[in-house]
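A.B. asks: This is the structure I want to talk about, given as C-alpha cells.
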Amino acid sequence: MRGELMVSRRLPRVPMGRRAGAFAIDIGAVSLLSFLLAGSLFAPVFLLIWLGLRVFWVSRNHGQSWGQWALDIKVVSTRFGSLPTVADLMKREVVTGLGSLLTLIGVVSLSPTNGWILILPIPLLVDCGAAFLDTENRQALHDRLAGTVITQSRRGYSLDLKVRKLFAEMKQRMK
C-alpha cells in the first residue's frame, strides 16, 4: 500500500475539466456508434463498445481512449506507475460503463410524464463525484477499485489547447 501511495503522488494530475471533457468525448462516440448499430438492442451494444474502447483499445494504445488521447491524458496503475492490466481496466470500466449507460438512458427517456428517470444518473455522479472530494489523488470510486489514476501524457492531440488558442485568436480579431 505504501508503494502505491508513492507512485500515485509522483504522477502529475489532470484538471477535472480535461478529465470530464475526455469522458464526454468517449461517451459521445460510444453512444453515437451504439445508436447507429443497435436499434432496440442499445444497452448490450453500448456496453460492448464501451468495454472495447475503454478496456481493449486503452490496453493497446498506451493507456489512452479516444477522448483521453484528444486531451493528452492517460490511465496509469498506482502499483507500478505504468499501464494497468486488462483486469484492472475491466474492473474500472464495468463500473463506469454501467453508470454511463444508466445516465444515457435517463437523458434519452426524459419526458414531462416521467421525471423520476432523473434518478438514473445518480450512480455515475456518486462514482465520479468522489474525484472532486479527493483533493490529493483525485481518484473516483472506479479508480480506487481498480488501483488506477488519471495522469497527464505527452502523447495526444492537445485538443483543449488548440480550442483555447482558437478562442484567443477569435477574441483578438474581435478587438
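A.B. asks: The chain: D in µm²/s via Stokes-Einstein (Kirkwood Rh, Cα pairs, 20 °C, 1.002 mPa s)?
C.D. replies: In µm²/s, the coefficient is 125.
A.B. asks: Further question: Identify which of I73, I122, I49 has the largest mean-square fluctuation in a Gaussian network model of the chain, with springs joining Cα atoms closer than 10 Å.
C.D. replies: Result: I122 has the largest fluctuation of those listed.
A.B. asks: Checking understanding here: applying a Kyte-Doolittle mean of at least -1.0 and a length along the axis of at least 15 Å (C-alpha), which whole DSSP H helices in the chain pass? Spell out each step's value before the answer.
C.D. replies: Details: long enough: 16-38 (32 Å, 1.29); 86-108 (31 Å, 1.28); 122-133 (16 Å, 1.96); 159-174 (22 Å, -0.45).
Span-like helices in the chain: 16-38, 86-108, 122-133, 159-174.
A.B. asks: Mind listing the long-range amide H neighbours of I73? Cut-off is under 5 Å, sequence gap 5 or more, other chains count too, H placed in the peptide plane at 1.01 Å from N.
C.D. replies: It is S153, by chain and number.
A.B. asks: What distance in nm lies between label points placed 7 Å from Cα along the C-beta direction at T113 and A130?
C.D. replies: Placing both labels 7 Å along Cα→Cβ, they lie 3.8 nm apart.
A.B. asks: Given Cβ point charges of +1 (Lys, Arg) and -1 (Asp, Glu) and nothing else, what value in debye, to the nearest 20, does the dipole of the chain about its Cα centre take?
C.D. replies: Dipole magnitude for the chain comes out near 820 debye.
Coordinate-derived values only; no laboratory data. What you are looking at is a predicted structure, and each value in this text was computed from that prediction instead of being measured. Here the Cβ is made from the backbone with ideal geometry for all residues, glycine too, and neighbour counts use every protein chain on show.
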